[in-house]
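Participant: The following block contains the structure, expressed as structure tokens.
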Amino acid sequence: MIKQYKLRFYNFRLLLFLLAISSIGVVLVGTAREDLMLKQLMGVIMGLVIMVILSLIDYSWISNFQWIMYGSNIVLLLIVRLFGDTANGAARWIDFGFIRFQPTELAKIIIILFFARFFMDHEEDLNSFRTLAKSAVLLAVPLYLILDQPDLKNTIMITVVFCVLIYIAGLSYRIIGGALLIAVPLLVIFLIIVVQPEQKLIKDYQRDRIMAFLYPENEEYTDDTQQQDNSKTAIASGELTGKRLSGDSVASVNEGNFVAENQTDFIFAVAGEEYGFIGCTTIILLLLAIALECIRMGLRAKDLSGKIICCGMGSIVAFQSFLNICVATGMGPNTGTPLPFVSYGLTSLISLYIGMGLVLNVGLQSSLYNKELQKTMSDKKEEYL
């Protein structure tokens, strides 16, 4: 379970990136809501401790419990469905009294772990109808429970991540081409239907967000566009260095509560206003570096399972960052997606650190594996000579 690792094999570069982005997150959350700064800091410390512990535990041993994790995930999502705490019209939380827990955030990590082992076990027959059908059913169960909360953004997010996982696992390009021929027309039909006033596919507030993005000039959707308009105003007002670095005393859009939920969904607006283009660029580069580092470690993994875990975590960081920044800058409809390691939200933060702990262990395992492989090859060479 726990191996004797060498400290020089530890990926301190990734750890440094995570510390930097998390520190920025604590500062920005404190700027948006001073009363939440300590909670965010405690979440970062707790997440780091969990990450370090997990980074020393063999991910292959953890993946042996894939079905237990999958079952536990379904149970948690069912508890949310039956007894979940409701906020803003959605039942997505389990309230333990002292803390509110959002199982969907942890579900992303569990799904990556589960399918990493599942696809490795079915590496030889991945492209068979039986394996593809089984994986689709196994994905559909948690997806339905998440969509029913309702949580459309995470349903889409998990679906996209699953597509990345199965592609990394070795899905045939012929099957990918056939799937695209089916998926693209279905997506077009879906969009045509959801813009209709009497549609039943998605909730009314979800449709309003899409319509507000497509027709921002329509007065009917003013309430939905105002949030993003204020966010863009806040980002633009920061200019190059931001109000905090330049000492600008002009009234703040964020402090005036013109941007609601600026500690979570619109944290990037806080970064833009307070630290300008420099602050926003720093955040983007750090998130990009984390995603690329995950992929790099995946390419060096000792087995397919490790490769899928790393690429899966890299895709979560990349896609969530892309969605959050698109919303904050008005380039996409409002989705309510948090910015990884930056937005306030302890469940999301700790879940991401759990995933990063697994990624770090994949890196340690690959280093040991490559070292042992080189030693074996060297011994064989000496025997031959």
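Participant: Would you please name the trypsin sites (Lys or Arg not before Pro) within the stretch 142-232 that are DSSP coil residues with at most 10 other C-beta atoms within 10 Å of their C-beta?
Facilitator: 200
Participant: Using a 10 Å Cβ count of at most 12 others and DSSP loop calls, identify the longest part of the chain lacking such chymotrypsin sites (Phe, Trp or Tyr not before Pro).
Facilitator: That would be 99-385.
Participant: So, for the stretch 286-362, what is the accessible surface per residue at a probe of 1.4 Å, expressed in square angstrom?
Facilitator: 25
Participant: Taking GluC sites (Glu not before Pro) that fall in a DSSP loop and have at most 12 other Cβ atoms within 10 Å as cut points, what is the longest piece of the chain between them?
Facilitator: Within the chain, the longest run free of exposed GluC sites (Glu not before Pro) spans 218-385.
Participant: Let me ask you something else. Add +1 for every Lys or Arg and -1 for every Asp or Glu among the other residues with Cβ under 14 Å from the Cβ of residue 191, and state the total.
Facilitator: +2
Participant: Using a 1.4 angstrom probe on the protein heavy atoms only, could you order 128, 315 from most to least accessible area?
Facilitator: So the residues, ranked largest to smallest area, are 128, 315.
Participant: Please report, in whole Å, how far the alpha carbons of the stretch 168-291 spread along each principal axis, starting with the longest.
Facilitator: Sorted largest first, the three principal extents are 56, 42, 20 Å.
Participant: Please state the Cα pair-distance histogram of the stretch 278-326 with 5 angstrom bins from zero: what percent is in each bin?
Facilitator: 5, 24, 26, 20, 12, 8, 4, 1
Participant: Quantify, in whole percent, the carbon and sulfur part of the accessible surface of the chain (1.4 Å probe; protein heavy atoms only).
Facilitator: 65
Participant: Next question. If I take all pairs of Cα atoms in the chain, what percentage of them are more than 25 Å from each other?
Facilitator: 60
Participant: Give the accessible surface of the stretch 73-224 per residue, rounded to a whole number of Å², with probe radius 1.4 Å and ligands, DNA and RNA excluded.
Facilitator: Per residue, the stretch 73-224 has 57 Å² of solvent-accessible surface.
Participant: Can you give me the orientation-averaged projected area of the convex hull built on the Cα atoms of the stretch 44-147, in nm²?
Facilitator: Seen from a random direction, the Cα hull of the stretch 44-147 projects 8.2 nm² on average.
Participant: To continue, here is another question. Each residue of the stretch 146-160 in turn: what ³J(HN,Hα) in whole Hz from Karplus with 6.51, -1.76, 1.60 and θ = phi - 60°, glycine and Pro shown as x?
Facilitator: Each residue of the stretch 146-160 in turn: 6, 5, 6, 5, x, 9, 5, 4, 6, 4, 5, 4, 5, 5, 5 Hz.
Participant: Please compute the net charge surrounding residue 146, taking Lys and Arg as +1 and Asp and Glu as -1 over other residues with Cβ under 13 Å from its Cβ.
Facilitator: +1
Participant: Taking the stretch 94-171 as the region of interest, what is the percent of Cα-Cα pairs per 10 angstrom bin, listed from the shortest bin to the one with the maximum distance?
Facilitator: Reading the bins upward from 0: 17, 47, 26, 8, 2.
The values are calculated or read from the model by the stated rules, or taken from the named source; none is laboratory data. Here the structure is a predicted model, which means the values were calculated and not measured. A quick note on method: Cβ atoms are made from the backbone with ideal geometry, for glycine too, and the neighbour counts reach across all protein chains shown. Please note that ligands, DNA and RNA were not included when accessible areas were found on the heavy atoms of the full protein model with its side chains. Shrake-Rupley method; radii C 1.70, N 1.55, O 1.52, S 1.80 Å.
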